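The values are calculated or read from the model by the stated rules, or taken from the named source; none is laboratory data. Remember, it's a predicted structure, so these values are computed and weren't measured experimentally. Counting neighbours? That spans all protein chains shown, and the Cβs are built from the backbone with ideal geometry, glycine included. Heads up: the accessible areas ignore ligands, DNA and RNA and are worked out on the full protein's heavy atoms, side chains in. Shrake-Rupley method; radii C 1.70, N 1.55, O 1.52, S 1.80 Å.
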Number of protein chains: 4
Amino acid sequence: MDATDLSTLRSRVKAFAAERNWERFHDPKNLVMALTSEVGELTELFQWLTPQEGVEAMRDPKRGEAIRDEMADVLYYVLRLSDVLDVDLERALSEKLEKNKARYPAVITRGSV
Amino acid sequence: MDATDLSTLRSRVKAFAAERNWERFHDPKNLVMALTSEVGELTELFQWLTPQEGVEAMRDPKRGEAIRDEMADVLYYVLRLSDVLDVDLERALSEKLEKNKARYPAVITRGSV
Amino acid sequence: MDATDLSTLRSRVKAFAAERNWERFHDPKNLVMALTSEVGELTELFQWLTPQEGVEAMRDPKRGEAIRDEMADVLYYVLRLSDVLDVDLERALSEKLEKNKARYPAVITRGSV
Amino acid sequence: MDATDLSTLRSRVKAFAAERNWERFHDPKNLVMALTSEVGELTELFQWLTPQEGVEAMRDPKRGEAIRDEMADVLYYVLRLSDVLDVDLERALSEKLEKNKARYPAVITRGSV
C-alpha cells in the first residue's frame with residue numbers, strides 16, 4: 001500500500017464527504033476544529049503511557065487499531081482542508097522542508113565516514 | 001505536484017529528521033504533542049475569522065503562506081508518527097473509510113437522476 | 001456558587017487524584033496531553049455548529065451538560081498542572097493581564113460618555 | 001494570592017475583553033478555538049522534554065515564565081467561555097467530580113491505617 005499520491009487521496013475523501021452530503025459542514029474553520037478533536041482522541045491514547053509504553057503502543061492489537069483509526073482521521077481532515085482551501089499539500093510540504101533546511105542545517109552528512 | 005505516494009513522503013521526512021539528529025526526540029508521545037502544537041498554530045490563523053473569512057483565507061498572500069506552512073507541519077508530524085509506529089497510513093485511511101461507510105451510508109448516489 | 005478561590009479548588013482536585021492513586025500519572029507532560037484531549041472533546045461539541053448555534057448551545061439540555069462536563073475537565077487539568085508545577089494560577093492570570101494591558105491598550109473607557 | 005473566586009475572575013476577564021472591544025469576537029466557537037491554540041502553545045513548551053525535564057521545567061526562569069503565561073491564557077479562555085455560555089464553572093467542576101467519584105471509587109481512604 002502507500003502507493004497512492006496525495007491528490008488521489010484528496011479526491012477520494014472529497015467523494016466520501018460528498019456522498020454523505022457533508023460538504024456543507026466542511027468549511028475551513030469547522031475542519032480545523034475537527035482536526036483538533038481527532039488529535040485530541042489520538043492524544044488520549046498516549047497520555048498516560050510512559051515514553052517506552054508509547055514506543056510499544058502498537059503491540060496491543062486493540063490499542064493499535066484505535067491509534068491507526070485516529071491517525072487516519074487526522075489525515076482525512078488534513079486532506080479535506082487542503083481540498084476546501086485548494087492547497088497543494090505535497091508542494092506545501094516540500095516548500096516547508098526547504099525553509100526548514102535553511103533554518104536548521106543538516107548536522108549529519110549521509111555517507112560521511 | 002501531489003504525485004508522490006505517502007511512503008515516499010514518509011521516507012523523505014524521516015531522512016530530514018535523521019540528518020538533523022532529531023530522531024532521538026521523535027518518540028510517539030513527543031510526536032503527538034508536536035502534532036497538537038502545529039494544529040494549535042493552524043487554529044490560531046482561523047480563530048477570529050468569520051466562516052466566510054475562513055473560506056477566503058488563502059486570498060491574503062501572507063496568511064495563505066502561513067496556512068500552507070502549518071498544514072505542511074501537521075502532515076510532517078503525521079508522517080513522522082506513522083514512521084515511528086510503523087503504521088501504513090494509506091491502508092489506515094482506506095480501512096477507516098470502509099468502517100465509516102458502514103456507519104454512515106451514502107445518501108447521494110453518484111450518477112443518480 | 002463560584003465562591004471558592006483557585007487554591008482551594010486546586011487542593012480539592014489534588015485530593016481527588018490522590019485518593020485514586022493517580023498522582024503517579026500526573027507529571028506535567030501527561031497533564032498537558034490530558035488538557036489537549038479534553039479541549040478536543042469540548043471542540044467536538046461545537047465543530048459542526050454554526051456560530052449562532054454555538055451561541056445557543058446550552059439550550060439543548062443534553063449538549064449543555066456535555067459542554068459543562070468538558071469545561072470542568074479542562075479546568076480540572078489546568079488546576080492539576082498548576083499543582084504539580086507549583087504555579088500560582090491567579091497570580092499568573094493577573095500578571096498576564098498586566099502584560100496584555102501594555103500590548104493592547106483599552107479602546108473603551110468605562111464610564112465615558 | 002489565589003484568594004479570588006472564579007466568578008470574580010470571570011468578571012475581571014470579561015471587563016478586560018470589553019475594554020478592548022473584543023466581545024464581538026468572543027462567540028463560543030471562536031473561544032474554543034482560542035483555547036486550542038493556547039493549549040498548543042503550552043504543549044510546545046513541553047513536547048521535546050523528557051518526563052523528568054518536564055517535572056523540572058519551572059527551574060529555567062525564561063521557560064517558567066512562558067509556561068505561567070500559557071497557563072494563564074488557557075484559564076483566561078476557559079473563563080471567557082464560561083461567561084459567554086453562562087456556565088457556573090465551580091458548580092460544573094463540583095458536579096463532574098461527583099460523577100467521577102461514582103465511576104472511579106477512591107482506592108485510598110485518607111486517614112486509614
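The selection criterion, being closer than 24 Å to A:Val13 by Cα and among the basic types (Lys, Arg), holds for A:Arg80.
Condition test on A:Lys62, is it surrounded by 13 or more Cβ atoms within 10 Å (Cβ to Cβ) and basic (Lys, Arg)?
Values: surrounded by 13 or more Cβ atoms within 10 Å (Cβ to Cβ): no; basic (Lys, Arg): yes.
Spelling it out, it is not the case that A:Lys62 is surrounded by 13 or more Cβ atoms within 10 Å (Cβ to Cβ) and basic (Lys, Arg).
For region A:15-27, the criterion of being surrounded by 18 or more Cβ atoms within 10 Å (Cβ to Cβ) and within 23 Å of B:Asn30 (Cα to Cα) is met by none of the residues.
Just for helices (runs of 4 or more DSSP H) wholly inside region D:1-89: which have at least 3 residues that are within 14 Å of chain B (Cβ to nearest Cβ) and more than 25 Å from A:Ala34 (Cα to Cα)?
In region D:1-89, D:51-55 are the helices (runs of 4 or more DSSP H) which contain 3 or more residues that are within 14 Å of chain B (Cβ to nearest Cβ) and more than 25 Å from A:Ala34 (Cα to Cα).
Checked against the criterion of being out of contact with any Phe, Trp or Tyr (no Cβ under 8 Å at 6 or more places or on another chain) and either of a type in the set (Val, Ile, Thr) or more than 25 Å from A:Leu49 (Cβ to Cβ) (or both), the candidates B:Arg80, B:Arg20, B:Arg12 yield just one match: B:Arg12. Evaluated against (1) more than 18 Å from the chain's Cα centre (by Cα); (2) open to solvent by 80 Å² or more (accessible area, probe 1.4 Å); (3) modelled with pLDDT of 95 or more, D:Arg91 falls short on exactly one condition, (1).
Being of a type in the set (Val, Ile, Thr) and over 16 Å from the mean Cα position of the chain (by Cα) narrows it down to one of C:Val78, C:Val107, C:Val39, so name that one.
Values: C:Val78 fails: over 16 Å from the mean Cα position of the chain (by Cα); C:Val39 fails: over 16 Å from the mean Cα position of the chain (by Cα).
Result: C:Val107 is the single residue among C:Val78, C:Val107, C:Val39 that is of a type in the set (Val, Ile, Thr) and over 16 Å from the mean Cα position of the chain (by Cα).
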